[in-house]
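The values are calculated or read from the model by the stated rules, or taken from the named source; none is laboratory data. A quick note: this is a predicted structure, and the numbers were derived from the prediction, not measured. Neighbour counts run over all protein chains shown; Cβ positions are idealised from the backbone, glycine included.
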Amino acid sequence: MASIMENFSNPEIDLTSLPNYEEVSFHGISGNYLFKAVFQTGIFMLFVFAAWGAMFYYNVNPYTLWISLVVILLYFLFRFWNTYKMQQNYGYALREKDILYRRGFFVNTTTVVPFNRIQHVSISRDVFDKFLDIASIQVFTAGGSGSDLSIPGLEPVRARELKEALSVKITEDES
């Protein structure tokens with residue numbers, strides 16, 4: 001036991017020597033994903049306005065009615081604007097040892113998943129995705145209870161290429 005502790009070392013890592021993910025050129029996602037997000041927000045908006053209409057029908061206090069309408073309109077204007085701005089920031093990139101996914105507008109998030117942590121990769125397409133000719137790819141890692149990375153709005157051919165590239169990288173890491 002003493003010999004194991006004598007050979008143990010844990011030197012500090014020079015942070016400047018680590019690769020910088022901000023310098024990577026990210027690939028964007030399909031513009032059809034923006035249409036999907038706007039459509040889904042529009043459907044939600046219809047339900048909210050139906051609830052507001054019920055308030056109007058039942059003669060709710062006019063002051064409350066008009067204040068709620070202004071709040072609803074401001075919320076949906078912000079939501080549509082934010083959806084548009086987020087579309088511009090979605091991106092993914094493959095590097096030699098990992099995959100990166102960038103998203104967000106006000107709060108930018110970049111997820112880095114090393115290939116040696118990936119268990120499997122899947123592609124999913126719901127009915128609306130098929131209509132819009134887009135797909136999502138899910139990357140599952142060791143120890144995760146669900147997909148640890150999901151990249152939406154990819155063209156189906158691009159999703160298959162990305163899945164194949166990840167599968168090759170996973171196989172190389174296992175060797």
Inside the stretch 1-35, the number of residues satisfying the requirement of being loosely packed, with under 10 Cβ neighbours inside 10 Å, farther than 17 Å from Arg95 by Cβ and modelled with pLDDT of 75 or more is 10
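Can you report the number of residues in the stretch 57-88 which are of a type in the set (Phe, Trp, Tyr) and within 21 Å of Phe35 (Cα to Cα)?
6
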When you look at Tyr84, is it exposed (fewer than 14 other Cβ atoms within 10 Å of the Cβ), over 19 Å from the mean Cα position of the chain (by Cα) and farther than 30 Å from Phe115 by Cβ, yes or no?
no
Here the residues within the stretch 108-144 that are surrounded by 13 or more Cβ atoms within 10 Å (Cβ to Cβ), over 17 Å from Ala165 (Cβ atoms) and touching a residue at least 60 places away in the same chain (Cβ under 8 Å) are Thr110, Phe128, Asp129, Leu132, Ile134
Within the bounds of the stretch 61-76, is there any residue that is loosely packed, with under 12 Cβ neighbours inside 10 Å, without any contact (Cβ under 8 Å) to a residue 12 or more places away in the chain and not in a helix (DSSP H, G or I)?
yes
